[in-house]
Amino acid sequence: MLRKSRLATVLISTGLTSALLVGCGDDTSGSDNPSATTSVDTAAAPTELTWSRWQGVQLPTSRVDGPRNVDGDVVSGYTNSPQGAVLAAVHGSIRLALSPDTSWPKVANAVAAPGVGRDTYAVNRALISIAAVPPGPAPMAVKGFRVDEYSPTRSVISVAVAQPNLPLTAAKQTVVWSGEDWKVLLPAPGSEVEPTTVSDLTGYTALEGPQ
């Protein structure tokens, strides 16, 4: 079992940059990059939320924006909206980071867009082992989000997370509309974007569940 205290180190050292600890960057390979849509409210939080604990982390589900489909560790089904993109970025990045050995291939195929980034993730993920996270303090907690770019086909979301004994950080996650759903666009090797430390949630929309 991978110990929670070593999760960040192992993910980074093995190149598993899909985790919230290292952002998905601004890799546009395999996707269009149209002008940002201005007629939608990108600061509005998803509504009608419920929270459930998965691998020790509280994750949000919206009756309006998804994910609508849950099959074990695999989730899908988001609205083509800023709020759907936010939820896909949160679920996709955390599930790619924490999915156990028994399910990570299915999770990767479901939540990550096809491409060299996903292929690289699969190669690196096979080098480590992650089992079920035992009861105890959460390895990370979602705190908020900021939509940096939005269009119906591609969005860049900064997700703020807290981790035990570490400062509040934010990482950029790129999601693309692929196969009638939002999917995380994992970066090609060398294009990863390191997370940034943030002092507070100024400029972010709060998105925090029970701990």
Original post:
How would you order 142-148, 96-102 from highest to lowest mean count of nearby Cβ atoms within 10 Å?
Top reply: 142-148, 96-102
**OP:** Name the residues whose placed amide hydrogens come within less than 5 Å of the amide hydrogen of residue 207, ignoring near sequence neighbours (fewer than 5 apart) on the same chain.
**Re:** 144, 145
Subject >> Per-residue ³J(HN,Hα) for the range 178-191, Karplus 6.51 cos²θ - 1.76 cosθ + 1.60, θ = phi - 60°, Hz, x for Gly and Pro >> reply: 9, x, 6, 7, 6, 9, 5, 9, 6, x, 5, x, x, 10
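Report the net charge of residues surrounding residue 160, where surrounding means a beta-carbon distance below 9 angstrom and charges are Lys +1, Arg +1, Asp -1, Glu -1. Mind dumping the intermediate values first?
Details: positive: 143, 146; negative: none.
For residues surrounding residue 160, the net value is +2.
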Original post:
Sequence-distant or interchain residues sharing an amide H contact under 5 Å with residue 178, placed H: which?
Top reply: 183
Original post:
Given H placed 1.01 Å from N in the peptide plane, which residues other than close sequence neighbours of residue 186 have an amide H under 5 Å from its amide H?
Top reply: 113, 118
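Which FRET efficiency value, to the nearest 0.05, do you get for residue 153 and residue 132 by plugging their Cβ-Cβ distance into 1/(1 + (r/R0)^6) with R0 = 35 Å?
Working: r = 36 Å, r/R0 = 1.02.
For residue 153 and residue 132, the calculated efficiency is 0.45.
Read-outs throughout are calculated quantities, based only on the coordinates presented, and are distinct from any laboratory measurement. Model, not experiment: these values are computed from the prediction. Methodologically, a virtual Cβ is constructed for each residue, glycine included, from the backbone with ideal geometry; neighbour enumeration extends over all protein chains shown.
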